[in-house]
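Undergrad: Mind having a look at this structure? Questions to follow.
The values are calculated or read from the model by the stated rules, or taken from the named source; none is laboratory data. This is a predicted model, so every value here is computed, not measured. As a convention, Cβ positions derive from the backbone with ideal geometry for all residues, glycine included, and neighbour counts pool all protein chains shown.
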Amino acid sequence: MVTLEQIKLAQKRLRGVAVRTPLVPYFPPATEDRSAHGTQGQLWLKPESLQPIGSFKLRGAYNKIASFTEQERERGVISYSSGNHAQGVAYAARALGVKAVIVMPRNAPRIKVDSTAALGAEIVTVGPASSERMQKAEELAREHGYAIVPPYNDEQIIAGQGTVGLEILKDCPEVDLVLVPVGGGGLISGVSAAIKLSGSNAKVIAVEPELANDAQQSFRKGEIVELPAERVSCTLADGLRTQSVGKLNFEHIRRFVDDVITVTEDEIRTAMRRIISNARIVAEPSGAVTFGAWLFRAKELPESKKAVTVITGGNVEPQLLAQVLAEEIVPD
């Protein structure tokens, strides 16, 4: 389990590397139906889309690579990712002068593949299953001696992502509800640990798409549930298409997370559109799930006076963004 000291050490390593993103207050327009929010109070958005790579993933990736020995860095690093973690590893490796190889699925968004390549990483492509990516990375690591930078199931990754939680508490000590997306579980593990280990009584809720609700099923069942690749691949939220949470992440989720809820595909699309039009923040589908939960799942959330939704990234394909902005979907 990650400690508060590990998260604070990660925070020191990340100074001058990761952007200390602000809390942006959300003021709904008069036309927005506030009754949908029940007794929810003030909401702040934490836009990790402002990071140099457009997502929070830089935090964990840099912290992990910075923790390697000089000998490990000289051999190079390898990781596996559908996009944002790939960019985080590529950016961190370039900053630290380390060779990076990234295994990505063939269906990864082109914007994320191109951005990863532009940062100097060597890209290896495989099929859509998250298990394929991990297996190929482990194979190449054995063959070439690369040090592995896992996307979520690792203490250094969790500690790096946990710096998001420390920043939330610093900027809003009275926060009583924090909504965090969950895919593999690195961010929710780190944020929930940072908040609970700091002594805060805030409720921490994980949010994921209904089509990739492995974390919710695992949380309810008390053991890790793995979903088929063909199912999770159907969600628009490409950053949350993991088939299961990591073993280490599940331990953190069981200890520090209060609940796991889901949102529909239409709710994700509507949340993306509302964030852009009302908060002037671009959110990719994976980053919009928390705002979607606040908009449409108030009855499943604890009452709150000061809530924060983590907007994890803004790396969305231009064509998809244009399509979403042109829609007028109103979830039931």
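Undergrad: Do the conditions hold for ALA147, that is, is it modelled with pLDDT of 95 or more and either surrounded by fewer than 17 Cβ atoms within 10 Å (Cβ to Cβ) or in contact with a helix residue (DSSP H, G or I) (Cβ under 7 Å, 6 or more places away or on another chain) (or both)?
TA: In short, yes.
Undergrad: Report whether or not ILE157 is crowded, with 24+ Cβ neighbours inside 10 Å, within 15 Å of the chain's Cα centre (by Cα) and assigned to a helix (DSSP H, G or I).
TA: In short, yes.
Undergrad: Return a yes/no flag: does the stretch 277-293 have any residue that is closer than 22 Å to GLN156 by Cβ and surrounded by fewer than 24 Cβ atoms within 10 Å (Cβ to Cβ).
TA: Within the stretch 277-293, not a single residue is closer than 22 Å to GLN156 by Cβ and surrounded by fewer than 24 Cβ atoms within 10 Å (Cβ to Cβ).
Undergrad: How many residues does the stretch 53-75 hold that are under 30 Å from PRO181 (Cβ atoms) and of a type in the set (Val, Ile, Thr)?
TA: 2
Undergrad: Out of everything in the stretch 17-49 that is modelled with pLDDT of 95 or more and out of contact with any strand residue (DSSP E or B) (no Cβ under 9 Å at 6 or more places or on another chain), what residue ends up being nearest to ALA93 (Cα to Cα)?
TA: Taking the candidates together, the pick is VAL17.
Undergrad: What is the number of the single condition among (1) of a type outside the set (A, V, I, L, M, F, W, C); (2) surrounded by fewer than 23 Cβ atoms within 10 Å (Cβ to Cβ); (3) over 26 Å from ALA215 (Cα atoms) that LYS136 does not meet?
TA: LYS136 satisfies every listed condition except (3).
Undergrad: Moving to a separate point now. Residues that are within 20 Å of LEU301 (Cβ to Cβ) and touching a residue at least 40 places away in the same chain (Cβ under 8 Å): list the helices (runs of 4 or more DSSP H) wholly contained in the stretch 212-290 that include at least 1 such residues.
TA: The helices (runs of 4 or more DSSP H) meeting that bar are 214-221, 247-256, 265-274.
Undergrad: Of all the residues that make up the stretch 84-133, how many are small (Gly, Ala, Ser), more than 25 Å from GLY16 (Cβ to Cβ) and surrounded by 19 or more Cβ atoms within 10 Å (Cβ to Cβ)?
TA: The qualifying residues number 2.
Undergrad: Could you tell me how many of the residues in the stretch 88-137 are under 17 Å from ARG241 (Cα atoms) and hydroxyl-bearing (Ser, Thr, Tyr)?
TA: Matching residues across the stretch 88-137 total 3.
Undergrad: Is it the case that the stretch 179-192 has a residue that's over 15 Å from PHE256 (Cα atoms), β-branched (Val, Ile, Thr) and part of a strand (DSSP E or B)?
TA: No.
Undergrad: Another one. Report, by residue number, each residue of the stretch 49-83 that is of a type in the set (A, V, I, L, M, F, W, C) and surrounded by fewer than 23 Cβ atoms within 10 Å (Cβ to Cβ).
TA: Correct list: LEU50, ALA66, PHE68.
Undergrad: If I filter the stretch 126-134 for residues that are β-branched (Val, Ile, Thr) and out of contact with any Asp or Glu (no Cβ under 8 Å at 6 or more places or on another chain), do I get at least one hit?
TA: No, the conditions are met nowhere in the stretch 126-134.
Undergrad: Would you say THR116 is more than 20 Å from GLY292 (Cα to Cα) and assigned by TED's automatic domain parsing to the domain that holds LYS136?
TA: So THR116 fits the description; yes.
Undergrad: Looking at the stretch 138-145, can you tell me whether even one residue there is closer than 18 Å to ALA229 by Cβ and not assigned by TED's automatic domain parsing to the domain that holds THR235?
TA: Looking through the stretch 138-145, at least one residue is closer than 18 Å to ALA229 by Cβ and not assigned by TED's automatic domain parsing to the domain that holds THR235.
Undergrad: For SER200, indicate whether it is among the hydroxyl-bearing types (Ser, Thr, Tyr), surrounded by fewer than 23 Cβ atoms within 10 Å (Cβ to Cβ) and in a loop (DSSP other than H, G, I, E, B).
TA: So SER200 passes the test.
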